[in-house]
Number of protein chains: 2
Amino acid sequence: MSQTVDRALSILPLLAEGPADLGQVADRLGVHKSTALRLLRTLHEHGFVYRQQDQRYRLGARLFALAQEAVENLDVREIAHPHLVELNAQCGHTVHLAVYEEEEVLYIDKVESRYPVRMYSRIGKPVAITVAAVAKLLLADLSEPERRAIAEKLDYPMYTSRSVPNAGAFLKELAVVREQGWATDLGGHEESINCIGAPIRGADGRVVAAMSVSAPNVVVTAEELLTLLPLVRRTADTISREYSGTTQPKKA
Amino acid sequence: MSQTVDRALSILPLLAEGPADLGQVADRLGVHKSTALRLLRTLHEHGFVYRQQDQRYRLGARLFALAQEAVENLDVREIAHPHLVELNAQCGHTVHLAVYEEEEVLYIDKVESRYPVRMYSRIGKPVAITVAAVAKLLLADLSEPERRAIAEKLDYPMYTSRSVPNAGAFLKELAVVREQGWATDLGGHEESINCIGAPIRGADGRVVAAMSVSAPNVVVTAEELLTLLPLVRRTADTISREYSGTTQPKKA
DNA sequence: ATGGGTGTTGCGCATGATGCAACGAACAGA
DNA sequence: TCTGTTCGTTGCATCATGCGCAACACCCAT
């Protein structure tokens, strides 16, 4: 791995937190100012970094453009979106779509609840991987050795008393999810929020994405939420069919 | 500028065109395969590229996550403020900046008039949503069903005889604003105060904020205020450009 | 003037990025 | 099964390149 590139790339997440001046960047990278300057200049030439009048740097438009293309390459999102909206119209709760990539689970789409009480989640943000229903669905589809490898590597923060506590419990949960074809998170992330999810599969049967419906206790109980399971699974299946059925969007 | 970083960054736009294998990347970069491999590995470690099953590389979802985070931390106010001050210096009137959030329009910045007669408004305070120019601009950008939903939910207090009286009139007004790209409030909130506003847009063209200039009749007439429209729009556009990070000018 | 805070430049040194060549794995055809 | 091709990967010797330093330029306060 290349040291120079490594440093340059480390600048980007740092700037995502907010604008920073040369000194701050150099400090956080642990390099000399002149080094940071050279890196920033290179990033700047490629449009990944923008320099505002006060000379501070922030992320540039090019990055946003690339991100746009990156997400367009995830064509599940495009196909799924209208169905997520429709599901939200039917049940009123928050709907999420997530994918697994590089040992992380990321939300890539979200339709907000119609109820005033909303949950905090951010598309593009890594998911609480040990408890979220979508994470369980995505990991459950990995091969047994992969599942084990990841399960052992993870931390198991006890967000609540009902969070998955350790690798053993997690693997057991994944086995259940794998078997039954759907997943829940009953207060494992936030005490008062329940969640049910279903997998979206590609033509080869592999899970390519997962979706979930979340709602706080104060709106519906866990049991009531579970009555939505058939609807959620039906929606996921519809998306799966459309995703694997239609022509390949790949160009020659 | 750093050669290594330069090459690494050049890979990303290349991958945006579609997945590519090691050989293709090396060729297009004009470097040896081993070099390309090292660069790709570094990009991979940072999650900027993703390796699919067939070993080909494509852009990683991490890019999307990064951009998402950056957008959230982007502070319109910070960027807009100096421009608002300058506009105030040029015209002397009160300048407002507002955003739409959770079915409310909030003032988030204000530069006071240089004239002794000031208007009452407070940063952080909800705006008179049915009449203020900034509110019209922000709501006009919502989707048609959203606009209608909100219009129906609102109250239409008759602050003055020229206040917008009902949902129908409001929706009609929003259509006009949407079409012409600017908005006014001529005595709709307080009898003697007029106001013109323009939208500030993000990289995707969506309206992220709105700004306005307000002045009482006793200082300038409505017609005189309207002569400031080009200046206001120009300022808003400048802020939009800066906010979305569009900077070609390779500074000399 | 003076000092502390920036960002910028030129330079000599050695680190670290480079291309090569050899290797391994997967595949296809004979 | 063998043989040739085409991938990705690794170790290594070479030297280009990125490195930190120190000096400089600039802006603002005092």
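Listed values, structure above:
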| read-out | value |
| --- | --- |
| Matching option when the condition is open to solvent by 60 Å² or more (accessible area, probe 1.4 Å) and over 24 Å from residue B:245 (Cα atoms), among B:52, B:24 | B:24 |
| Candidate set: segment B:1-15, residues that are open to solvent by 30 Å² or more (accessible area, probe 1.4 Å) and in contact with a Leu (Cβ under 8 Å, 6 or more places away or on another chain); chosen: the one farthest from DNA strand D (Cβ to nearest atom) | B:13 |
| Residue ID - most open to solvent (accessible area, probe 1.4 Å), chosen from residues in segment B:33-49 that are more than 8 Å from chain A (Cβ to nearest Cβ) and within 12 Å of DNA strand C (Cβ to nearest atom) | B:33 |
| Residues (open to solvent by 20 Å² or more (accessible area, probe 1.4 Å) and either among the β-branched types (Val, Ile, Thr) or at pLDDT 70 or above (or both)) located in segment A:112-127 | A:112, A:117, A:123, A:126 |
| In segment B:12-23, the residues that are within 15 Å of DNA strand C (Cβ to nearest atom) and touching a strand residue (DSSP E or B) at 6+ places or on another chain (Cβ under 9 Å) | B:21, B:22 |
| Positions within segment A:66-107 being polar (S, T, N, Q) and either in contact with a Leu (Cβ under 8 Å, 6 or more places away or on another chain) or over 23 Å from residue B:70 (Cβ atoms) (or both), in sequence order | A:73, A:88, A:90, A:94 |
| Residue count for segment A:82-99, restricted to those that are in contact (Cβ under 8 Å) with a residue 40 or more places away in the chain and out of contact with any strand residue (DSSP E or B) (no Cβ under 8 Å at 6 or more places or on another chain) | 3 |
| Unique match (being on the phi > 0 side of the Ramachandran plot, more than 13 Å from chain A (Cβ to nearest Cβ) and open to solvent by less than 60 Å² (accessible area, probe 1.4 Å)) among B:18, B:30, B:92 | B:92 |
| Residue within segment B:61-84 that is facing chain A (nearest Cβ under 8 Å), modelled with pLDDT of 90 or more and surrounded by 15 or more Cβ atoms within 10 Å (Cβ to Cβ) present | no |
| Those residues of segment A:134-167 which are open to solvent by 70 Å² or more (accessible area, probe 1.4 Å) and in contact with a strand residue (DSSP E or B) (Cβ under 6 Å, 6 or more places away or on another chain), in sequence order | none |
| Residues (within 8 Å of DNA strand D (Cβ to nearest atom) and under 38 Å from the mean Cα position of the chain (by Cα)) located in segment B:37-50 | B:40, B:41 |
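Yes/no matrix, rows are residues, columns are (1) in a loop (DSSP other than H, G, I, E, B); (2) at pLDDT below 90:
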{"position": "A:179", "(1), (2)": "no, no"}
{"position": "A:184", "(1), (2)": "no, no"}
{"position": "A:188", "(1), (2)": "yes, no"}
{"position": "A:195", "(1), (2)": "no, no"}
{"position": "A:198", "(1), (2)": "no, no"}
{"position": "A:205", "(1), (2)": "yes, yes"}
{"position": "A:210", "(1), (2)": "no, no"}
{"position": "A:214", "(1), (2)": "no, no"}
{"position": "A:219", "(1), (2)": "yes, yes"}
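The values are calculated or read from the model by the stated rules, or taken from the named source; none is laboratory data. Quick caveat, the model's predicted, so the values are computed rather than measured. Backbone-built Cβ (ideal geometry, glycine too); neighbour counts: all protein chains shown. Side chains included, ligands, DNA and RNA excluded: accessible areas come from the protein's heavy atoms. Shrake-Rupley method; radii C 1.70, N 1.55, O 1.52, S 1.80 Å.
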